[in-house]
Each structure stands twice: as C-alpha cells, then as structure tokens.
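Colleague: Take a look at the following structure, please.
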Amino acid sequence: MSPFMAELLGTMLLMLLGNGVVANVLLNDTKGNNSGWLVITTAWGLAVFVGVVVAGPYSGAHLSPAVTIGLAIAGKFPWASVLPYIVAQFLGAFIGSFLVWVMYYDHFNRTNNPASILAVFCTGPAIRNYISNIASEIIGAFVLVFTVFYISGAQITPTKTPIGLGSVGALPVALLVWVIGLSLGGTTGYAINPARDLGPRIMHFILPIKNKGTSDWRYAWIPVLGPIAGAAIAALLYLCIK
C-alpha cells in the first residue's frame with residue numbers, strides 16, 4: 001500500500017468510527033442515543049487505534065495535517081511529502097463522513113435539531129469565545145504532537161513508522177487522544193485535527209440533509225489554525241529541549 005493510500009484509508013476509518021459514535025449518541029432513535037461524553041471520547045480514542053493500525057506500517061499514520069506539519073517542522077518528515085499527505089487526509093475525511101451519513105441516513109431524517117446534525121460532522125464551542133476557543137485547540141494539539149515525539153521506540157520516516165509490539169504499538173496514541181478528549185475536550189469538542197473538522201464540515205455543507213441548518217463557517221477557521229499552531233509550538237519546543 002502506498003503512503004498516500006494508507007493516509008486516505010486510515011483517516012477514512014478514523015472519521016467513520018469517530019463521527020459514527022457522535023451520530024450514535026446524538027441522532028434520534030439510535031441504540032446509543034444520549035449515552036454521553038464518555039462513550040464519545042472512548043470511541044474516538046479507539047477510532048485512532050484503528051486508523052493507526054491500518055496506516056501505521058505504510059505511512060506512519062499521521063491522519064492529521066497538524067501532525068504532518070509538526071513532524072516536518074521538527075525535521076522528522078520531509079517537506080516534499082507534506083502536501084500529498086494532507087490531500088490524502090482530506091480525501092479520507094470526506095469519504096469517512098459521507099459513509100457516516102449513509103450509515104445513519106434514517107436517523108438524520110428523524111432528527112430535527114440542526115446543532116446535533118452539525119455535531120456529527122464537525123466541532124463547535126460549548127461557549128463561543130474565539131480567543132479561548134482557539135487557545136483550547138492550540139493546547140490540545142500541542143499535547144498531542146509533543147507527546148507523539150516521546151512515544152518510546154517510534155521511528156517516523158516517509159514510508160513506515162514501526163511503533164513496536166505490532167498492532168499494540170498503536171495503543172499509546174489511542175490512549176493519548178482518549179485522555180485529551182476526557183480532560184481538554186469539553187470546551188470545543190477537541191478537533192485537534194484540521195482534516196477531521198474541515199473535511200466533514202464541507203460534507204455537511206454539500207449533503208442534502210433534512211433540517212441541517214448552517215455549517216457554521218464563522219467558526220471553521222479555529223479547528224484549522226488552532227491545531228496547526230499547537231503542532232508548530234510542540235515541534236519548536238521539542239527542537240529546543242531535545
């Protein structure tokens with residue numbers, strides 16, 4: 001499998017399972033309706049595990065433009081490969097969010113709350129304050145990328161990232177995303193990944209969903225620029241102290 005295809009498939013699975021759990025919790029008449037934040041954060045962590053297991057041996061399983069850019073700034077990934085990775089990640093996010101819509105089509109049609117429908121695709125703030133919202137995304141992405149640099153035994157190259165212990169080596173990243181969601185996710189829904197938010201937001205805008213409302217484009221820049229800034233700060237700090 002090529003690194004491009006690995007990033008596409010890994011991000012697709014991440015979006016299918018991650019946004020899928022939000023659909024299960026928020027949309028009307030699902031088996032998991034109203035099961036809560038713990039269910040959402042746990043499934044997102046496990047979704048990362050699945051994506052990393054599939055993509056890790058072939059691309060390093062960045063699954064996020066913020067991670068790709070952060071690794072490039074730290075000198076652990078070639079800049080020439082950054083754009084192809086980001087394109088693959090966005091394509092994967094498009095496909096994964098489309099599949100969530102297909103999977104939960106009947107439940108979308110039974111849901112009358114535009115906010116719940118939008119939340120299946122992208123993040124939004126609990127309290128809308130753009131300064132604190134972008135600070136939340138910066139901090140969350142910083143924790144993610146800075147910790148990734150210190151995962152024991154990771155070897156990040158343009159083609160492979162052997163993390164160790166076979167597929168179990170993906171577990172540290174999954175646990176990392178889980179704890180970020182539990183600890184820091186309550187303010188903005190912890191996008192910490194531009195492709196994870198912007199890709200599905202575009203799909204929300206395109207898809208013919210009943211009662212969907214607006215795609216909240218006024219907020220859309222925060223889960224894009226915040227994670228990139230957090231990743232850049234993490235990489236620069238890593239270079240200063242390593």
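The values are calculated or read from the model by the stated rules, or taken from the named source; none is laboratory data. The structure presented is a predicted model; accordingly, all values stated were derived computationally and were not measured. Note: ideal-geometry Cβ built from the backbone for every residue, glycine included; neighbour counts use all protein chains shown.
Colleague: Among the candidates VAL173, VAL168, VAL224, single out the residue that is closer than 22 Å to VAL50 by Cα and either at pLDDT 95 or above or over 17 Å from the mean Cα position of the chain (by Cα) (or both).
Modeller: From the options VAL173, VAL168, VAL224, the qualifying one is VAL168.
Colleague: Also: I'm checking my understanding of the structure. Among residues of the range 208-237 that are surrounded by fewer than 17 Cβ atoms within 10 Å (Cβ to Cβ) and among the aliphatic types (A, V, I, L, M), which one is farthest from ILE95 (Cα to Cα)?
Modeller: LEU237
Colleague: Okay, next question. Give all pairs with beta carbons closer than 7 Å in which a residue from the range 106-130 that is closer than 20 Å to TRP221 by Cβ and in contact (Cβ under 8 Å) with a residue 40 or more places away in the chain meets a residue that is among the hydrophobic types (A, V, I, L, M, F, W, C) and surrounded by 13 or more Cβ atoms within 10 Å (Cβ to Cβ); count only pairs at least 6 apart in sequence or on separate chains.
Modeller: ALA119/VAL22; ALA119/LEU26; PHE121/MET203; THR123/ALA191; GLY124/LEU118; TYR130/ILE222
Colleague: Taking the options THR161, THR111, name whichever one is surrounded by 15 or more Cβ atoms within 10 Å (Cβ to Cβ), at pLDDT 95 or above and part of a loop (DSSP other than H, G, I, E, B).
Modeller: Among THR161, THR111, only THR111 is surrounded by 15 or more Cβ atoms within 10 Å (Cβ to Cβ), at pLDDT 95 or above and part of a loop (DSSP other than H, G, I, E, B).
Colleague: Turning to a different aspect of this structure: Tell me, which helices (runs of 4 or more DSSP H) wholly within the range 1-93 include 3 or more residues that are touching a Lys or Arg at 6+ places or on another chain (Cβ under 9 Å), of a type outside the set (A, V, I, L, M) and buried (at least 22 other Cβ atoms within 10 Å of the Cβ)?
Modeller: Here the list reads 3-26.
Colleague: Still on this structure, please answer the following. Name every residue in the range 114-123 that is surrounded by fewer than 21 Cβ atoms within 10 Å (Cβ to Cβ) and in contact with a helix residue (DSSP H, G or I) (Cβ under 7 Å, 6 or more places away or on another chain), in order of residue number.
Modeller: Within the range 114-123, SER116, ALA119 meet the criteria.
Colleague: From the list ARG201, ARG128, ARG218, pick out the single residue that is over 20 Å from ALA55 (Cα atoms), modelled with pLDDT of 95 or more, among the basic types (Lys, Arg) and in a helix (DSSP H, G or I).
Modeller: Result: ARG201 is the single residue among ARG201, ARG128, ARG218 that is over 20 Å from ALA55 (Cα atoms), modelled with pLDDT of 95 or more, among the basic types (Lys, Arg) and in a helix (DSSP H, G or I).
Colleague: Filter the range 10-24 down to the residues that are of a type in the set (A, V, I, L, M, F, W, C) and out of contact with any helix residue (DSSP H, G or I) (no Cβ under 6 Å at 6 or more places or on another chain) and list them by number.
Modeller: none
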